[in-house]
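Accompanying notes for the structure given below.
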Amino acid sequence: MGANRPNTLAERLNHLFETVHPRGRGPYSNEEVARAIREQGGDISKQYIAYLRKGERENPRVHHLEALARFFGVQVSYFIDSESAERTKETLAELAVWRDSGLTGEDLRKLEKAGITRVAMRAVGLSPKGLEFAEVMLDQLREMEGLRSQEISENNSNDEA
């Protein structure tokens, strides 16, 4: 269990605002979220969202939690169950890494198909020297397991994977 795990409804909601947003822009505003929820037939105001985010409303109606969960793409249980919140937080952190790395959905599908998503995710953000070191370590591991070395150039990224 992480020490920085969001525990209150306000902390969990603020975590969604900080983490779930499109690449290349900052977090959504309360107004943007309220407007999007209303456009989908929901009933919530930017002021009410602000109250929830400040912890001034701690017992919202279920339909408000459902609308917020739908907007941010999480299960309603994220708001009320600590274990669900922790799992969701971990998933959101992984998705934020992918979003910020510039990888596309197609890139992610190829990595998943190759079974190397978790390994690839750990390489995101490494310096060129760090990436070189990781390649050397992976080559050594492949050799230890009796696999041949993989020479993959930038131009030949094995599109069949």
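Considering 58, 32, 39, the condition of being touching a residue at least 12 places away in the same chain (Cβ under 8 Å), in the same structural domain as residue 86 (by TED's automatic domain parsing) and out of contact with any Lys or Arg (no Cβ under 7 Å at 6 or more places or on another chain) is satisfied by 58 alone.
Give 111, 138, 92 a once-over and let me know the one that is part of a helix (DSSP H, G or I), outside the structural domain of residue 75 (by TED's automatic domain parsing) and at pLDDT 80 or above. Checking each option against the conditions leaves just 138. Regarding residue 108, is this residue touching a Ser or Thr at 6+ places or on another chain (Cβ under 8 Å), without any contact (Cβ under 8 Å) to a residue 40 or more places away in the chain and under 18 Å from residue 93 (Cα atoms)? Judged against the criteria, residue 108 is a match. Go through the residues of region 2-20 one by one and say whether even a single one is surrounded by 15 or more Cβ atoms within 10 Å (Cβ to Cβ) and among the small types (Gly, Ala, Ser). Scanning region 2-20 turns up at least one residue that is surrounded by 15 or more Cβ atoms within 10 Å (Cβ to Cβ) and among the small types (Gly, Ala, Ser).
Here is a check on your reading of the model: is residue 62 modelled with pLDDT of 80 or more, under 24 Å from residue 32 (Cα atoms) and surrounded by fewer than 12 Cβ atoms within 10 Å (Cβ to Cβ)? Considered against the rule, which asks whether it is modelled with pLDDT of 80 or more, under 24 Å from residue 32 (Cα atoms) and surrounded by fewer than 12 Cβ atoms within 10 Å (Cβ to Cβ), residue 62 comes out as yes.
Scanning region 114-134 for residues that are small (Gly, Ala, Ser), outside any helix (DSSP H, G or I) and under 21 Å from the mean Cα position of the chain (by Cα) turns up 115, 125.
The values are calculated or read from the model by the stated rules, or taken from the named source; none is laboratory data. All of these numbers come straight from a predicted model, not from anything done at the bench. With ideal geometry, Cβ positions are generated from the backbone for all residues, glycine too; neighbour counts draw on all protein chains shown.
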